1. Please state which of the following conditions N185 fails to meet, knowing it meets all the rest: (1) over 19 Å from S122 (Cα atoms); (2) without any contact (Cβ under 8 Å) to a residue 60 or more places away in the chain; (3) more than 12 Å from the ligand (Cβ to nearest atom).
2. Tell me which residues, restricted to segment 211-256, are charged (D, E, K, R), in contact (Cβ under 8 Å) with a residue 12 or more places away in the chain and over 21 Å from A33 (Cα atoms).
3. If I filter segment 7-25 down to residues being farther than 15 Å from C68 by Cα, touching a strand residue (DSSP E or B) at 6+ places or on another chain (Cβ under 9 Å) and not in a strand (DSSP E or B), which single residue comes out as farthest from the ligand (Cβ to nearest atom)?
4. What are the pairs with Cβ atoms under 9 angstrom where one residue, in segment 65-81, is under 18 Å from S51 (Cα atoms) and the other, located anywhere, is more than 9 Å from the ligand (Cβ to nearest atom) and not in a helix (DSSP H, G or I)? Sequence gap at least six, or different chains.
5. What are the residues in segment 33-47 that are more than 15 Å from the ligand (Cβ to nearest atom) and touching a Phe, Trp or Tyr at 6+ places or on another chain (Cβ under 6 Å), if any?
6. If I filter segment 105-113 for residues that are of a type in the set (A, V, I, L, M), out of contact with any Ser or Thr (no Cβ under 9 Å at 6 or more places or on another chain), more than 21 Å from M167 (Cβ to Cβ) and not in a helix (DSSP H, G or I), do I get at least one hit?
7. D91 versus (1) acidic (D, E); (2) without any contact (Cβ under 8 Å) to a residue 40 or more places away in the chain; (3) farther than 19 Å from G165 by Cβ: which is the lone unmet condition?
8. Can you work out which of the residues in segment 138-157 that are out of contact with any Ser or Thr (no Cβ under 9 Å at 6 or more places or on another chain) and not β-branched (V, I, T) is nearest to the ligand (Cβ to nearest atom)?
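Only the coordinates and a few stated rules stand behind these numbers; no lab work does. Here the structure is a predicted model, which is why all the values come from computation and not from measurement. Here the Cβ positions follow ideal geometry from the backbone for every residue, glycine too, while neighbour counts run over all protein chains shown.
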Amino acid sequence: MTDLTAMNRFVDRIAVITGAGSGIGAATSRRFASEGASVVVADIDDDAAASVVEQIEASGGDAWASHCDVSSTADWKALAEAVETRHGRVDVVHNNAFTRVFGAAHELAEADWEHQISVNLSSVYRSVRAFMPALRASKGCIVNTASVRAVLGFPGDAAYTASKGGMLALTRQLAVEYGPEVRVNAVLPGPILTPSWNGADDSVVDLHARSTAAGRVGSPDEVAAAVCFLASADASYITGASLAVDGGFMAKKDPS
Ligand SMILES: NC(=O)c1ccc[n+]([C@@H]2O[C@H](COP(=O)([O-])OP(=O)(O)OC[C@H]3O[C@@H](n4cnc5c(N)ncnc54)[C@H](O)[C@@H]3O)[C@@H](O)[C@H]2O)c1
């Protein structure tokens, strides 16, 4: 485990994280806070967000919770105004919230298609509308949580896969549009054991573990480390990039 006391990369920095009440977003919130950032824990689940804030405060960090449904332009506007009032700046926006309804394209209800595109992809556009002026002023950055599914097709997952592929294209586009002031990157997690896996059969977890070169599923902390690296000065010459955090899932063709 990394000695986090040795790293203070985000002192006086403000990090806004969506879907921060659980899994990867919660781990990223804790990691940013442990490295000195003030963290805005944004989620639709207010209890979950409050609990992450409690954990951060109990460890001596600084965080506050904000209700934000990333599919709502009004919520993004309110979030940006609250961050401006409280901190007067923002340095990192981590677009991480997601929703998923499985289904092949010909079976998926149009409302389910539209909602997944809105939560998983259009949310990034909304984040830019809400925060780009402040990010430009601070020479900040955006980190998007995409997925290995941005570049690989899987049966029965049409809208999620399309939304993550779109997120990757938008990551490159935003990097070009808003460089050199603002860097924009994406992480591509592979199988990461989070509450989104609740109810998954052991055999499914095992199949995913065997589909990686690492021979195991990953932890949310391992994605958080990559997100914080991309947001840090250590990644000052990295923009428009996608970093797989997948234990070699994309490098390995078959489970064995
Ligand atoms: N866990 C994995 O194996 C895996 C793999 C690849 C990519 N990812 C990506 O990682 C990210 C986080 O996934 P996770 O596994 O940590 O999920 P999770 O289910 O543990 O957490 C997701 C959080 O998002 C919140 N959320 C849902 N809809 C929202 C909305 N409209 N507005 C704001 N918040 C909302 C939920 O309340 C929850 O707290 C997602 O973007 C997901 O696509 C995860």
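1. (1)
2. Residues of segment 211-256 that are charged (D, E, K, R), as a first pass: 216, 221-222, 234, 246, 252-254.
Narrowing the set further to residues that are in contact (Cβ under 8 Å) with a residue 12 or more places away in the chain leaves 216, 221-222, 234, 246, 252, 254.
Answer for segment 211-256, where residues must be charged (D, E, K, R), in contact (Cβ under 8 Å) with a residue 12 or more places away in the chain and over 21 Å from A33 (Cα atoms): R216, D246, K252, D254.
3. Restricting attention to segment 7-25, the residues satisfying the condition of being farther than 15 Å from C68 by Cα are 7-14, 23-24.
Imposing the further condition that a residue be touching a strand residue (DSSP E or B) at 6+ places or on another chain (Cβ under 9 Å) reduces the set to 10, 12-14, 23-24.
If we keep only those that are not in a strand (DSSP E or B) too, we end up with 10, 12-13, 23-24.
Values: F10: 20, D12: 26, R13: 22, G23: 2, I24: 4 Å.
Among those that are farther than 15 Å from C68 by Cα, touching a strand residue (DSSP E or B) at 6+ places or on another chain (Cβ under 9 Å) and not in a strand (DSSP E or B), it is D12.
4. Between residues of segment 65-81 that are under 18 Å from S51 (Cα atoms) and residues that are more than 9 Å from the ligand (Cβ to nearest atom) and not in a helix (DSSP H, G or I), the close pairs are A65/V40; A65/V41; S66/V16; S66/V40; S66/V41; C68/V16; C68/V40.
5. Taking segment 33-47 as the starting set, the residues that turn out to be more than 15 Å from the ligand (Cβ to nearest atom) are 33-38.
Of everything in segment 33-47, those that are more than 15 Å from the ligand (Cβ to nearest atom) and touching a Phe, Trp or Tyr at 6+ places or on another chain (Cβ under 6 Å) turn out to be E35, G36, A37.
6. Initially, segment 105-113 is screened for residues of a type in the set (A, V, I, L, M), giving 105, 108-109, 111.
Add one more test, that the residue is out of contact with any Ser or Thr (no Cβ under 9 Å at 6 or more places or on another chain), and what stays is 105, 108-109, 111.
When the remaining residues are screened for being more than 21 Å from M167 (Cβ to Cβ), the result is 109.
Cutting the leftovers down to not in a helix (DSSP H, G or I) gives us 109.
Scanning segment 105-113, I find at least one residue that is of a type in the set (A, V, I, L, M), out of contact with any Ser or Thr (no Cβ under 9 Å at 6 or more places or on another chain), more than 21 Å from M167 (Cβ to Cβ) and not in a helix (DSSP H, G or I), so the answer is yes.
7. The failed condition is (2).
8. D157
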